[in-house]
Amino acid sequence: MKFLIFYIFTYMICQTALAEVILDGSLGKSGSLTGPNYAIDATLGTQAGGNLFHSFQNFNLSSDETATFSGDAHILNVIGRVTGGNPSHIDGTLRSTIPNADLYLLNPAGVLFGATAKLDVLGSFHASTADVLHLSDGGKLYTHLAQDSVLTSAPPSAFGFLNNSNSELRLDGAQLKVSAGKDISLTAGKLTLQANVAAKQVAALDTVGGNIHLASVAQGEIKLGKGFEFSGQGGELTMRSSRLNNTGDKSGNVYIRAGRFVLDNSAITTLTASQDGGSLDIQGNVVEITGGSRISSSSLKSGRSGDISIQATESITLSGQDSQGAGVAISANARGTDAQAGNAGNITFKTAKLALRDGAKLGSSSYGAGNGGTILLDATERVTLDGEDNQTTSSIYLVATGSGQGGTLQIKTEQLQLLHGASIAADTKGSGNSGNVLIQAKNIQLSGTGKGRGSNILTNTQGTAENAGAGGTIEIHTQQLEIRDGGQISSSTIGVGAGGKITVAATEKLTLSGKLDKYSSGIYSIARGVGNAGLIVLNAGELTVQEEAQINAGTYGQGLGGNILLQAQRLSLSQQGKITALSQGMGNAGNIALQLADRLDMANATIETKTNQADGGNIFVSSPKYLYLRNSGITTSVEAQNGDGGNITLQPNFVVLDTSPIIARAIGGNGGNINITTKGIYRFSLANQSPIDASSKYGLDGVVTVASPDGETDEGLLVLPTNFDSAQALLKNLCTLEHFENLSTFIVKPASYPRSPEDYRPSL
């Protein structure tokens, strides 16, 4: 009981001490004003043109108190400073009755807005712990009496922080709102927005068509107005269990400046209607968006949604989950459904290190007639996507569900890592085309599993209407690309729209390896509906496909299979690695063209265009050195009763077949033609079977043609013994041997089938 009485007594003393407005006499009258409704008119301060200056020793308001500023209608700015060295506690109402006048409250010792604090001002509101307020003509209002101020009629232009300020401006559950079209700014050495646990109330700033400015400045200057330009050393800015709302027919801008900015379990929302929305602009050294926070920019009607820009000299991190287990989400959206719907804004991240973790999501969406925006990620060191929340893995997405076109994703970095099932996806479900993905990185890695899948870069079209949109393009430029653990780069169509094109250029090394359950690592262009599969174009220094990995341009529906165009210095397939343009549906298989600067090496691997119900595709291989096949096969065979086998064209210096067939068989249709231009074909025993077969069970056999570059065709067939110790020893001496194998029909003539990947390029 004694403790309770002591607590109540102490609380009453604190409230009495806090509830006070005292003028310091430096710019007008001095002494305490009478509350609880403090009247602060123009006669209590100093006026210079449109500026009215007040100076207080202490300025505090309890929850039942109001401070009302008044003056002539031509006053444009009411500027109050607090010089007594004590923080200001604002739990009551700040009011201004001057039409359109902006209100400034400056206290270098700190400002605290409690859960019951309110704004009732007709103009904009600015609170700061700055040491000096600069006026646009060089005038200055210092917040310390020891320094001489120069008061002029010019409007305020900037806040200055002089001595590594750490004074705090804090919203403790305060929810502050200004009039429509007006701005609100909070600047401090340390700026904190947090929930008030006792009041069960989050901190909030709300504007309708105005601008929100937040800055933490340890030392330097922050300019008011467009751009909210900052110079100097940033401080700590934290939003925890807070929100910023910027809405209206035309939403305003949100500016955030800090050395370290933390957004935790909070939301920033900009929402526009018929006019283009303002931007969200965050700048700092370190930006941490955590605890399932949400940042969104949306357009509801004909206006374009605002841009989202985050720049951090050191790092940007999206991580952590909210109480429901959901990860961080940042999005720019076009939600208008009529013909005049506005487009989604752009998202730009610029930093050294960017990480999306714990199921974080970054995306641009078009839900109606508006187009998706551009996502640009520019990280000088690395971009990492990793981890999962309760629903999905970390991801970047472009979505078009209506008639609007999908957006564009561009990534520029040294190292790109998609780990533990992370994904980059561009999807369309309507008549708009899917978005495009462009990646430029020196090293790219897709590895690890999450939610039962590998890491992926995907573009999909799912629309079933006649005018369904096409899949987007995936274009990757790198030095080294590694895909393993069931990871995939994939373009697919499951509806009417055509699949998108995949282009990968890896100047040094492209490695595909491994499998996760039924999902093989690899690069895929798949058709599962009416739409045709897209094109795969690969250019690599050294290309390795191993451990059941695949390059697959198959069709499983009515659409045509895709084509594969591949150029590499060396190509190695092993351990059931596969390059395939197969068809397991009604659509014909696509073509495969491989143009190698060195050689093709295959061990327990397959290159195929085989089909079940349609015609087989063609295979073309050019290799200046040799084709070396061990327990492998190159095949264009068909299982359909009437399908024709595809043609096979090989242009190596030498061919070595170690228990490895080259097959273009058919059942009811004609066998495919096999055309080989080479100096020699060398084979190990194949259990009395012909290693090269272009036959048909019921139709016409295909033609096997072997042509010599120099016309010497009389040396016959060389069959190698089964106990040959090392095929590599043979390969070292192939230049001195020229042997040919005559199977089925032997015709000496120049090759009549395509000699380069361009011959198989589809009509686009």
* Go over the candidates 587, 531 one by one and state the one that is within 29 Å of the chain's Cα centre (by Cα) and among the small types (Gly, Ala, Ser). => 531
* To do: Report, by residue number, each residue of the range 571-593 that is closer than 23 Å to residue 643 by Cβ and either out of contact with any Gly (no Cβ under 9 Å at 6 or more places or on another chain) or hydroxyl-bearing (Ser, Thr, Tyr) (or both).
  => 579, 580, 583, 593
* Which of (1) in contact (Cβ under 8 Å) with a residue 60 or more places away in the chain; (2) crowded, with 20+ Cβ neighbours inside 10 Å; (3) among the β-branched types (Val, Ile, Thr) does residue 464 not meet, given it meets every other one? -> (2)
* Asked: What are the residues in the range 339-357 that are in contact with an Asp or Glu (Cβ under 6 Å, 6 or more places away or on another chain) and part of a loop (DSSP other than H, G, I, E, B), if any?
  -> 345, 346
* **One residue from 644, 701 being touching a Gly at 6+ places or on another chain (Cβ under 6 Å) and buried (at least 22 other Cβ atoms within 10 Å of the Cβ)** => 644
* To do: Pairs only if they're at least six apart or on different chains, beta carbon under 6 angstrom, first in the range 148-169 and over 30 Å from residue 74 (Cα atoms), second of a type in the set (Ser, Thr, Tyr) and at pLDDT below 95; list them, first residue then second.
  => none
* **Flag for residue 442 being surrounded by fewer than 20 Cβ atoms within 10 Å (Cβ to Cβ), in contact (Cβ under 8 Å) with a residue 60 or more places away in the chain and more than 24 Å from residue 554 (Cβ to Cβ)** => no
* Asked: Residues 427, 338: which one is more than 21 Å from residue 461 (Cβ to Cβ) and acidic (Asp, Glu)?
  -> 338
* Only residues that are farther than 18 Å from residue 101 by Cα, assigned to a loop (DSSP other than H, G, I, E, B) and hydrophobic (A, V, I, L, M, F, W, C): list them for the range 122-150, please. => 130, 145, 146
* Asked: If you check every pair at least six apart or on different chains, which have Cβ atoms under 6 Å apart with a residue in the range 274-292 that is of a type in the set (Lys, Arg) first and a residue that is assigned to a strand (DSSP E or B) and buried (at least 20 other Cβ atoms within 10 Å of the Cβ) second?
  -> none
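May I ask you to verify whether residue 479 is modelled with pLDDT under 85, out of contact with any helix residue (DSSP H, G or I) (no Cβ under 8 Å at 6 or more places or on another chain) and surrounded by fewer than 24 Cβ atoms within 10 Å (Cβ to Cβ)?
No, not satisfied.
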* **Matching residues, the range 467-490, being in contact with a Lys or Arg (Cβ under 7 Å, 6 or more places away or on another chain) and assigned to a strand (DSSP E or B)** => 478, 479, 480
* **Boolean, residue 675 is more than 25 Å from residue 575 (Cα to Cα) and in a strand (DSSP E or B)** => yes
* Residues of the range 283-309 being surrounded by fewer than 24 Cβ atoms within 10 Å (Cβ to Cβ) and out of contact with any Lys or Arg (no Cβ under 7 Å at 6 or more places or on another chain), which ones? -> 288, 290, 291, 294, 296, 301, 302, 304, 307, 309
* Asked: What strands (runs of 3 or more DSSP E) completely inside the range 48-93 contain at least 1 residues that are modelled with pLDDT of 95 or more and within 19 Å of residue 188 (Cα to Cα)?
  -> 51-60, 77-82, 88-90
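Is it the case that some residue within the range 683-694 is surrounded by fewer than 18 Cβ atoms within 10 Å (Cβ to Cβ), in a strand (DSSP E or B) and either at pLDDT 85 or above or among the β-branched types (Val, Ile, Thr) (or both)?
No - not one qualifying residue is present in the range 683-694.
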* Considering the range 214-244 alone, what residues qualify as being free of Cβ contacts under 8 Å to residues at least 24 places away in the same chain and acidic (Asp, Glu)? -> 229
* The lone exception for residue 391 - which of (1) outside any strand (DSSP E or B); (2) closer than 20 Å to residue 476 by Cα it fails -> (2)
* So which of 44, 23 ends up being among the hydrophobic types (A, V, I, L, M, F, W, C) and either at pLDDT below 95 or more than 19 Å from residue 147 (Cα to Cα) (or both)? -> 44
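Suppose we keep only residues that are among the aliphatic types (A, V, I, L, M) and surrounded by 21 or more Cβ atoms within 10 Å (Cβ to Cβ) within the range 134-157. Which one would you say is farthest from residue 192 (Cα to Cα)? Show your work before the answer.
Here is the first cut: in the range 134-157, the residues among the aliphatic types (A, V, I, L, M) are 135, 141, 145-146, 150-151, 154.
Subset that is surrounded by 21 or more Cβ atoms within 10 Å (Cβ to Cβ): 135, 141.
Values: 135: 26, 141: 25 Å.
Among them, the one singled out is 135.
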* **Unique match (being part of a strand (DSSP E or B) and at pLDDT below 95) among 232, 225** => 232
* Of the residues that make up the range 588-608, is at least one in contact with a Leu (Cβ under 9 Å, 6 or more places away or on another chain), of a type in the set (Val, Ile, Thr), touching a residue at least 24 places away in the same chain (Cβ under 8 Å) and closer than 18 Å to residue 660 by Cα? -> yes
* Specify which of the listed residues (426, 379, 400) is in contact with a strand residue (DSSP E or B) (Cβ under 8 Å, 6 or more places away or on another chain), surrounded by 24 or more Cβ atoms within 10 Å (Cβ to Cβ), closer than 23 Å to residue 311 by Cβ and not acidic (Asp, Glu). => 379
* Structure fact -> How many residues of the range 474-529 are in contact with a Ser or Thr (Cβ under 7 Å, 6 or more places away or on another chain), over 15 Å from residue 439 (Cβ atoms) and basic (Lys, Arg)? The answer is 3
* Structure fact -> Residues of the range 103-130 being within 19 Å of residue 85 (Cβ to Cβ), of a type outside the set (A, V, I, L, M, F, W, C) and surrounded by fewer than 23 Cβ atoms within 10 Å (Cβ to Cβ), in sequence order, are 110
* Structure fact -> Filter the range 33-47 for residues that are of a type in the set (S, T, N, Q) and outside any helix (DSSP H, G or I); the one that is surrounded by the most Cβ atoms within 10 Å (Cβ to Cβ) is 47
* To do: Give the residues of the range 177-190 that are surrounded by fewer than 22 Cβ atoms within 10 Å (Cβ to Cβ) and outside any loop (DSSP other than H, G, I, E, B), sorted by residue number.
  => 177, 190
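Residue-wise test of (1) under 21 Å from residue 598 (Cβ atoms); (2) at pLDDT below 95.
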position: 470; (1), (2): no, yes
position: 485; (1), (2): no, no
position: 499; (1), (2): no, yes
position: 511; (1), (2): yes, no
position: 521; (1), (2): no, no
position: 530; (1), (2): no, yes
position: 557; (1), (2): no, yes
position: 571; (1), (2): yes, no
* Asked: In this structure, is residue 669 closer than 16 Å to residue 702 by Cα, assigned to a loop (DSSP other than H, G, I, E, B), under 42 Å from the mean Cα position of the chain (by Cα) and not polar (S, T, N, Q)?
  -> no
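The values are calculated or read from the model by the stated rules, or taken from the named source; none is laboratory data. Predicted model only: the values in this text are computed from it and were never measured. Backbone-built Cβ (ideal geometry, glycine too); neighbour counts: all protein chains shown.
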